[in-house]
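Peer 1: Pasting a structure below so you can have a look.
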Amino acid sequence: MSQFPGCASDAARELMPDPSSNDTYASSKLRWEERATPRHRRILQLHQDLLAIRREDPTIRAQASSGVALEVAALTSSCGLLRYFADGSASDSHSQDRLLIVNLGSGLDLPSPSQPLLSPPQDHSYWRILWSSEDPRYGGYGCGEPESVDTGWHIPGFAAVLLKPMPAI
């Protein structure tokens, strides 16, 4: 563990449990009987939903293979985004684009953002939430759609939001 800067000092290593200890092993095992408690049920639901997105969303599923290009940009020092560009014909690929925004700071208002990765794909007029870490099922407070024609963008604080494009009407 000494290769990691946070674990390099003797004081830090003294605080870490012995990785080869039976007690360390026993304390790190999942206690499935705890999944019925509200806190654990919310965390389990979060992980189940994330795994379902990875398994079922065609863009997220394909991102490990060819067919999806990824671009990254910072909006602020604590907020960044990842744009997934799906390959394929224009009729189906643009609707498969995804936008992941991760904000590790307070809420962010962008009345007229200049970041081109926030623009929806051609033939689509706006982004809508596919998944949010602020979902009340996970103990969050919920969040409104981050993109508004009237007010621009409001990115929730201390949250991650996965968006999909919606076609122009």
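Peer 1: Examine region 12-30 for a residue that is aromatic (Phe, Trp, Tyr), modelled with pLDDT of 90 or more and over 30 Å from Arg98 (Cβ atoms), and state whether such a residue exists. Break it down into steps so the answer makes sense when it comes.
Peer 2: Of all residues in region 12-30, those aromatic (Phe, Trp, Tyr) come to 25.
Narrowing the set further to residues that are modelled with pLDDT of 90 or more leaves 25.
Checking the rest, the ones that are also over 30 Å from Arg98 (Cβ atoms) come to 25.
Yes, region 12-30 contains a residue that is aromatic (Phe, Trp, Tyr), modelled with pLDDT of 90 or more and over 30 Å from Arg98 (Cβ atoms).
Peer 1: Considering only region 51-70, I want to know if a residue exists there that is closer than 30 Å to Asp135 by Cα, assigned to a helix (DSSP H, G or I) and acidic (Asp, Glu).
Peer 2: Here is the first cut: in region 51-70, the ones closer than 30 Å to Asp135 by Cα are 51-65, 67-70.
Narrowing the set further to residues that are assigned to a helix (DSSP H, G or I) leaves 51-56, 58-62.
Narrowing the set further to residues that are acidic (Asp, Glu) leaves 56.
Yes, some residue in region 51-70 is closer than 30 Å to Asp135 by Cα, assigned to a helix (DSSP H, G or I) and acidic (Asp, Glu).
Peer 1: When the residues of region 154-168 are narrowed to those that are in a loop (DSSP other than H, G, I, E, B) and in contact with an Asp or Glu (Cβ under 9 Å, 6 or more places away or on another chain), which ends up surrounded by the fewest Cβ atoms within 10 Å (Cβ to Cβ)? Reasoning before the result, please.
Peer 2: Step one: list which residues in region 154-168 are in a loop (DSSP other than H, G, I, E, B), which gives 156-158, 168.
Narrowing the set further to residues that are in contact with an Asp or Glu (Cβ under 9 Å, 6 or more places away or on another chain) leaves 156, 158, 168.
On the way: Pro156: 21, Phe158: 14, Ala168: 10.
The qualifying residue surrounded by the fewest Cβ atoms within 10 Å (Cβ to Cβ) is Ala168.
Peer 1: Just give me the residues in region 125-153 being surrounded by fewer than 18 Cβ atoms within 10 Å (Cβ to Cβ) and touching a Ser or Thr at 6+ places or on another chain (Cβ under 7 Å), in sequence order.
Peer 2: So the first thing to find is which residues in region 125-153 are surrounded by fewer than 18 Cβ atoms within 10 Å (Cβ to Cβ), and the list is 125-126, 128-130, 136-142, 144-145, 148-152.
Gly140, Gly152, listed by residue number.
The values are calculated or read from the model by the stated rules, or taken from the named source; none is laboratory data. It should be emphasised that the depicted structure is a prediction, and the values quoted were computed from it without experimental measurement. Cβ sites come from the backbone with ideal geometry, for glycine too, and all protein chains shown count toward neighbours.
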